[in-house]
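Visitor: Sending over a structure as structure tokens; questions will come in a sec.
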Amino acid sequence: MTELKVFSMFDGVGGFIHGLQKSNPELFNVVYSNQYEPSRKSQDAFEVGNYVFPKMQHDNRDIMTLEEKDFEYIKKLGVNMIVGGFPCQDYSVARSKKHEKGIEGKKGVLFWSIIEATRVIQPKYLILENVDRLLKSPSSQRGRDFAIMLSAFNKLGYSVEWRVINAADYGRAQRRRRVFFFVYKNDTKWAKGIDKKYEKSNINTFLSDSTKNINQYNDYIFKDGLFARQFPIKNEIKYDGKKARQYCASLGEDKNWDDYILNVSDNFAGTIWNTGIMRHGRYFTIDTIPIEEKPKTLGEVVQEAKEMYSGEIPYENYLKKYWITDPEKLEKFEYLRGAKKIERVTVDGHTWIYSEGGMAPHDSFDLPARTMLTSEGSVNRSTHFLLDNGNYRLLTPNEAELLQDFPIDSTKYKKETDGKIKEVSDRMRYFFMGNALVTGIVKRIGDEISKIN
């Protein structure tokens with residue numbers, strides 16, 4: 001078993017690290033991480049990583065300032081795998097379409113740091129994560145940004161498999177939809193096995209549009225691909241009226257780097273569904289349906305937090321810190337979660353009605369949690385609002401960690417640059433978890449890489 005030395009980009013508080021360590025700590029050795037939060041004096045996430053993972057090298061520089069020599073240094077550490085949940089604000093539905101910038105946006109351009117790192121380091125594999133909105137970005141040319149990403153990896157000699165995964169569909173405790181990429185070098189054992197099985201001696205066989213070769217793509221997506229093995233899907237394709245929701249196309253002519261990427265950017269007019277594979281400049285995508293597993297419920301998470309709590313005060317007293325007893329706050333939550341129709345006026349005087357559907361008065365303990373956002377813990381419509389033994393309360397930071405499959409108290413402390421250990425504020429711990437990924441999904445991806453490496 002060849003050790004995989006990992007570089008964690010846009011590390012946050014180590015979601016990929018936790019997930020890979022749960023999967024196979026003997027195989028996955030994260031040796032280097034980079035975490036930098038722009039426009040913040042305090043680098044809390046970086047300092048949490050310093051505390052939790054003291055044996056690895058932690059880099060707190062702006063990733064955009066790293067040069068080829070910096071990536072050469074990381075390569076010399078033996079790195080052969082890159083992971084990262086690259087910043088997603090420019091793709092998020094939280095941004096209005098009017099202000100959506102996509103891959104050209106301030107944070108969208110950070111993707112090119114991944115490409116530069118890949119070009120220099122030449123890893124065997126990458127695992128990347130982003131919001132599923134990415135597949136339809138920008139609204140003016142849906143799918144273009146993702147197609148540019150596929151074309152960039154293609155020019156570097158890599159293939160890309162992707163899947164939109166709702167964590168609750170596969171047994172986790174949060175309804176959190178994210179797109180995961182499995183990127184692999186075309187000279188790996190895994191890639192050569194695909195060539196042998198599907199493409200045989202003529203690579204163009206797999207790249208044609210014939211019914212026979214569409215079926216080969218189907219076999220890969222439904223049975224043989226990494227995601228198919230760990231996250232099973234129904235053997236059927238969604239239909240939109242009379243048309244199957246599947247699509248096969250070339251990314252464009254194989255030109256020099258700049259012309260190729262610009263050609264994709266200017267001319268892409270395809271479709272990207274929730275599942276797909278790109279090999280040798282051609283991609284196939286299908287709108288697939290998960291075979292759902294029973295999710296963990298919010299109630300189970302609350303009970304687990306109670307059983308694992310290790311604080312200095314009794315658990316019931318600890319919970320009182322998160323009770324909501326202020327009548328004004330309770331009234332505000334009732335209003336925020338209720339249905340509403342509000343008349344609004346545009347700057348040019350046009351009147352319109354803003355409508356919002358109602359939510360349950362409080363979150364059910366019998367269902368998986370809703371998607372956590374960075375605003376968790378504030379008086380906000382998206383905040384989880386619990387009725388626990390007759391008391392209204394917020395999630396605790398421990399419960400927020402467990403909803404992301406992080407170890408309990410894994411974001412409680414940080415190590416500052418002067419070596420001092422300090423406790424992290426609840427506000428920042430909620431913020432961390434709103435930005436994080438469900439590490440149980442990463443674990444399962446790691447489980448499959450363990451088999452194919």
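The values are calculated or read from the model by the stated rules, or taken from the named source; none is laboratory data. A quick note: this is a predicted structure, and the numbers were derived from the prediction, not measured. Here the Cβ is made from the backbone with ideal geometry for all residues, glycine too, and neighbour counts use every protein chain on show.
Visitor: Please give the strands (runs of 3 or more DSSP E) falling wholly within segment 388-453 in which 2 or more residues are in contact with an Asp or Glu (Cβ under 9 Å, 6 or more places away or on another chain).
Guide: Strands (runs of 3 or more DSSP E) meeting the threshold: 413-415.
Visitor: Here is a further query. Which residues, counting only those in segment 211-259, are of a type outside the set (Lys, Arg), closer than 26 Å to Leu156 by Cα and over 27 Å from the mean Cα position of the chain (by Cα)?
Guide: Within segment 211-259, Asn213, Ile214, Gln216, Gly252, Glu253, Asp254, Asn256, Trp257, Asp258, Asp259 meet the criteria.
Visitor: Identify, from the list Leu336, Leu386, Leu373, Leu394, the residue that is within 30 Å of Met56 (Cβ to Cβ) and crowded, with 16+ Cβ neighbours inside 10 Å. First the steps, then the outcome.
Guide: On the way: Leu336 fails: within 30 Å of Met56 (Cβ to Cβ); Leu386 fails: within 30 Å of Met56 (Cβ to Cβ); Leu394 fails: within 30 Å of Met56 (Cβ to Cβ).
Matching residue, one of Leu336, Leu386, Leu373, Leu394: Leu373.
Visitor: Considering only residues that are among the hydroxyl-bearing types (Ser, Thr, Tyr), surrounded by fewer than 20 Cβ atoms within 10 Å (Cβ to Cβ) and either touching a strand residue (DSSP E or B) at 6+ places or on another chain (Cβ under 9 Å) or in a loop (DSSP other than H, G, I, E, B) (or both), which ones fall in segment 254-295?
Guide: Residue satisfying the conditions is Thr271 alone.
Visitor: Next up: What about Lys341, is it within 34 Å of the chain's Cα centre (by Cα), exposed (fewer than 14 other Cβ atoms within 10 Å of the Cβ) and charged (D, E, K, R)?
Guide: Working: within 34 Å of the chain's Cα centre (by Cα): yes; exposed (fewer than 14 other Cβ atoms within 10 Å of the Cβ): yes; charged (D, E, K, R): yes.
Taking the combined requirement at face value, the residue satisfies it.
Visitor: Which members of segment 317-332 meet the condition of being in a helix (DSSP H, G or I) and either surrounded by 11 or more Cβ atoms within 10 Å (Cβ to Cβ) or in contact with a Pro (Cβ under 9 Å, 6 or more places away or on another chain) (or both)? Don't jump to the end; show me each part of the working.
Guide: Applying the first criterion (in a helix (DSSP H, G or I)) to segment 317-332 yields 317-320, 327-332.
Those that are in a helix (DSSP H, G or I) and either surrounded by 11 or more Cβ atoms within 10 Å (Cβ to Cβ) or in contact with a Pro (Cβ under 9 Å, 6 or more places away or on another chain) (or both): Tyr318, Leu319, Lys320, Lys329, Leu330, Lys332.
Quick grid of which residues meet (1) over 21 Å from Gln404 (Cα atoms); (2) over 22 Å from the mean Cα position of the chain (by Cα); (3) of a type in the set (Ser, Thr, Tyr):
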| residue | (1), (2), (3) |
| --- | --- |
| Gln21 | no, no, no |
| Pro25 | no, no, no |
| Tyr32 | yes, no, yes |
| Pro38 | yes, no, no |
| Glu67 | yes, yes, no |
| Asp70 | yes, yes, no |
| Asn80 | yes, no, no |
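Visitor: Here's something else I'd like to know. Step by step: first the residues of segment 10-42, then only those that are assigned to a strand (DSSP E or B) and of a type outside the set (S, T, N, Q), then the one that is nearest to Met64 (Cα to Cα). Which residue is that?
Guide: From segment 10-42, those assigned to a strand (DSSP E or B) are 28-34; that's our starting set.
Going one step further and asking which of them are of a type outside the set (S, T, N, Q), we end up with 28, 30-32.
Values: Phe28: 26, Val30: 21, Val31: 20, Tyr32: 17 Å.
The residue in question is Tyr32.
Visitor: State yes or no: is Ser364 part of a loop (DSSP other than H, G, I, E, B) and either within 30 Å of Gly225 (Cβ to Cβ) or touching a residue at least 12 places away in the same chain (Cβ under 8 Å) (or both)?
Guide: Details: part of a loop (DSSP other than H, G, I, E, B): yes; either within 30 Å of Gly225 (Cβ to Cβ) or touching a residue at least 12 places away in the same chain (Cβ under 8 Å) (or both): yes.
Yes.
Visitor: Search segment 397-433 for residues being within 21 Å of Glu300 (Cβ to Cβ) and of a type in the set (Gly, Ala, Ser), and hand back the single one that is surrounded by the fewest Cβ atoms within 10 Å (Cβ to Cβ).
Guide: Out of the qualifying residues, it is Ser410.
Visitor: Which one of Leu251, Leu298 is modelled with pLDDT under 95 and in contact with a strand residue (DSSP E or B) (Cβ under 7 Å, 6 or more places away or on another chain)?
Guide: One residue alone meets the criteria, Leu251.
Visitor: State whether one or more residues within segment 161-181 are more than 24 Å from Ile452 (Cα to Cα), of a type in the set (A, V, I, L, M) and part of a loop (DSSP other than H, G, I, E, B).
Guide: Yes, that holds for at least one residue.
Visitor: Among Arg381, Arg344, which is without any contact (Cβ under 8 Å) to a residue 40 or more places away in the chain, basic (Lys, Arg) and farther than 25 Å from Gly311 by Cβ?
Guide: On the way: Arg381 fails: without any contact (Cβ under 8 Å) to a residue 40 or more places away in the chain.
Of Arg381, Arg344, the one residue that is without any contact (Cβ under 8 Å) to a residue 40 or more places away in the chain, basic (Lys, Arg) and farther than 25 Å from Gly311 by Cβ is Arg344.
Visitor: Counting only residues that are in a helix (DSSP H, G or I) and out of contact with any Phe, Trp or Tyr (no Cβ under 6 Å at 6 or more places or on another chain), which one in segment 296-311 is surrounded by the fewest Cβ atoms within 10 Å (Cβ to Cβ)?
Guide: Of the residues in segment 296-311, the ones in a helix (DSSP H, G or I) are 298-308.
Restricting the remaining residues to those that are out of contact with any Phe, Trp or Tyr (no Cβ under 6 Å at 6 or more places or on another chain) gives 300-305, 307-308.
On the way: Glu300: 15, Val301: 22, Val302: 20, Gln303: 12, Glu304: 16, Ala305: 22, Glu307: 8, Met308: 14.
Across segment 296-311, the extreme among qualifying residues is Glu307.
Visitor: Of the residues that sit in segment 220-241 and are among the aliphatic types (A, V, I, L, M) and in contact with a strand residue (DSSP E or B) (Cβ under 8 Å, 6 or more places away or on another chain), which one is surrounded by the fewest Cβ atoms within 10 Å (Cβ to Cβ)?
Guide: Taking segment 220-241 first, the residues among the aliphatic types (A, V, I, L, M) are 221, 226, 228, 233, 237.
Checking the rest, the ones that are also in contact with a strand residue (DSSP E or B) (Cβ under 8 Å, 6 or more places away or on another chain) come to 221, 226, 233, 237.
Values: Ile221: 23, Leu226: 23, Ile233: 21, Ile237: 18.
Applying the filter and picking the extreme gives Ile237.
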